[in-house]
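The values are calculated or read from the model by the stated rules, or taken from the named source; none is laboratory data. On a predicted model such as this, the values are computed, not experimentally measured, just so you know. All Cβ positions, glycine included, derive from the backbone under ideal geometry; neighbour counts span all protein chains shown.
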Amino acid sequence: MIDAIASLGRSSLNALEVFGRAFVFLLRVLASLDVVLRRFGLTVVQIHSVGVRSLLIIVVSGLFVGMVLGYQGYITLVNFGAAEALGGVVALSLVRELGPVVTALLFAGRAGSALTAELGLMKTTEQLSAMEMMAVNPYRRIFAPRFVAGFVSMPLLAAIFSAVGVMGGYLVGVGLLGVDSGAYFSQMQAVTDWNEDVLSGVIKSIVFGFVVTWIAVFQGFNAQPTSEGISRATTQTVVISSLAVLGLDFILTGLMFGTG
Amino acid sequence: MAESPVADSPHIVIENLCFRRGRKVIFDDLSMRIPRGQVTTVMGPSGSGKTTLLRLIGGQLRPDRGRIWVDGQEVARLSTRRLYALRKRMGMLFQSGALLTDLSVFENVAFPLREHTDLPEDVLQTLVLLKLEAVGLRAARDLDPASLSGGMARRVALARAIALDPDLIMYDEPFTGLDPITMGQIVSLIRRTNQSLGLTSVLVSHDVAEAMAISDQVVLIAGGQVVDAGAPDELEARASDWSAQFLQGRPDGPVPFHYPGSSYRDDLLGQRRDD
């Protein structure tokens, strides 16, 4: 019994310690952000590897999610004779929820895990240490550009996801199921509010981008310098990011729409 | 507090250094001086904290107690900016080479130059080729670090370590895991680098023959303290029991072959009693 309490205490202390270290790490990265303006090239390279290389999975997933929404939405709406409202349903689901959330989950799996593994490997092979000994600050040279790249890429990827999803819904709804093309888009325009819907989605995707990148970069930085440690850190990135995204989505949704 | 860096003053002074990792005491009141312009090798058994010592000198770790001066500056008390300024005059060769895997051999050597200088591209190119030529790898400039052998990676890392013309270079286990030819190349490179650039070299190693052949001064550490120090021949002549065992690689002696524990006899008898 006492053992159980002690181990509970120990693991809570450990968790708190990790959280504290993650926060200090974040502050240090934020303090190094001026490097992004001074050496923009470093960040561009990272945006390419984090953002551009995630495009394929985002576009394909967006297309399929949109197509499924088209089907499911139509099947329900047609019962009420409201099949024309399909455009609005698809767009709202994507822009408010599925765009930011699914993109963040995919982003954690594709880019987040890659970031963690890369940084963990750099740590294990003493590259970060060597950089420090060459008087090059790894926070500026390595962490800050990656952090900004993730933070910038994620909202853009979410926007692309939603746009492609809308087209997927169009393909199924209009192309396959015979919803009127004009109605699809005019309904979409009528029900989607810029502030209420689009902006709230954008804010979500910015928050998710921040959190997922923070977790991924910190896990790489904090990884035990062994092959086992890297694999654990990579798994942790995906698991913690996914949980954080879903939890935060609930909180953000509550804050944005809860009072309405 | 700060000693002025006079030409014949020691390059590195370590006084009463104490350092522990968790509960394990790595250094317990260790003091040594590393003379300028010479090759000094710190030798000791595995786990005696040799690499830790280099990290303490480089300011990557802070001593729990005691002081370390490099070039008259106390490392642990420097601001980040001054520490980085000091590190620009230090080269460090990691055991694995620690080359940046996303850059070619050429770019790895160019890395410190690109980070710290504003040299025009053609000057930079000349400098990098000079350094690569010095380690015999000019023709390998376009290779990927992943395709280099261990010895080649260490030579590239050496070229990178001397890219900024430091006055101190530290080698972490430079002889470990090399074939005889590569070993000979590294040994002669270290000696040659030391002579031609007139820099202070600090090695940590447990390869006795190579270290003794190459060094002006050898420091033996064990149990967190300096056990013996002096010129190689001097050390061999008057070695204490422990040093003699270490230098000659005898399996048993002051450092026992058996991991300390209860006596063999008691253990066997105790087991029979349990049955």
**Item:** Residue identified as of a type in the set (A, V, I, L, M) and surrounded by fewer than 22 Cβ atoms within 10 Å (Cβ to Cβ) among B:V202, B:V219, B:V227
**Value:** B:V227
**Prompt:** A:S113: out of contact with any Lys or Arg (no Cβ under 8 Å at 6 or more places or on another chain), more than 14 Å from chain B (Cβ to nearest Cβ) and within 21 Å of A:I47 (Cβ to Cβ), yes or no?
**Reply:** yes
**Prompt:** Within segment B:124-132, is even one residue in contact (Cβ under 8 Å) with a residue 40 or more places away in the chain and surrounded by fewer than 21 Cβ atoms within 10 Å (Cβ to Cβ)?
**Reply:** no
**Asked** Among the residues of segment B:205-216, which ones are free of Cβ contacts under 8 Å to residues at least 24 places away in the same chain and either buried (at least 19 other Cβ atoms within 10 Å of the Cβ) or touching a His at 6+ places or on another chain (Cβ under 8 Å) (or both)?
**Response** none
**Neighbours by Cβ (under 8 Å, 6+ apart or cross-chain): first from segment B:244-270, within 30 Å of B:A213 (Cα to Cα); second modelled with pLDDT under 75 and of a type in the set (V, I, T)** = B:Q245/B:V255; B:F246/B:V255
**Request:** Spot the failing condition for B:R273; the list is (1) closer than 30 Å to B:L130 by Cβ; (2) modelled with pLDDT under 85, and only one is missed.
**Result:** (1)
**Request:** State the number of residues belonging to segment A:229-260 that are in contact with a Gly (Cβ under 8 Å, 6 or more places away or on another chain) and farther than 20 Å from A:V217 by Cβ.
**Result:** 0
**Item:** Conditions (1) in contact with a strand residue (DSSP E or B) (Cβ under 9 Å, 6 or more places away or on another chain); (2) facing chain A (nearest Cβ under 9 Å); (3) aliphatic (A, V, I, L, M): number failed by B:L100
**Value:** (1)
**Request:** Return a yes/no flag: does segment B:232-253 have any residue that is aromatic (F, W, Y), over 30 Å from B:R20 (Cβ atoms) and part of a helix (DSSP H, G or I).
**Result:** no
**Complete:** When segment B:64-97 is checked residue by residue, the ones that are buried (at least 21 other Cβ atoms within 10 Å of the Cβ), assigned to a loop (DSSP other than H, G, I, E, B) and either away from chain A (no Cβ under 13 Å) or touching a Pro at 6+ places or on another chain (Cβ under 9 Å) (or both) are B:D71, B:G97
**Item:** The one condition in (1) hydrophobic (A, V, I, L, M, F, W, C); (2) modelled with pLDDT of 95 or more; (3) under 28 Å from A:V68 (Cα atoms) that A:A233 fails to fulfil
**Value:** (3)
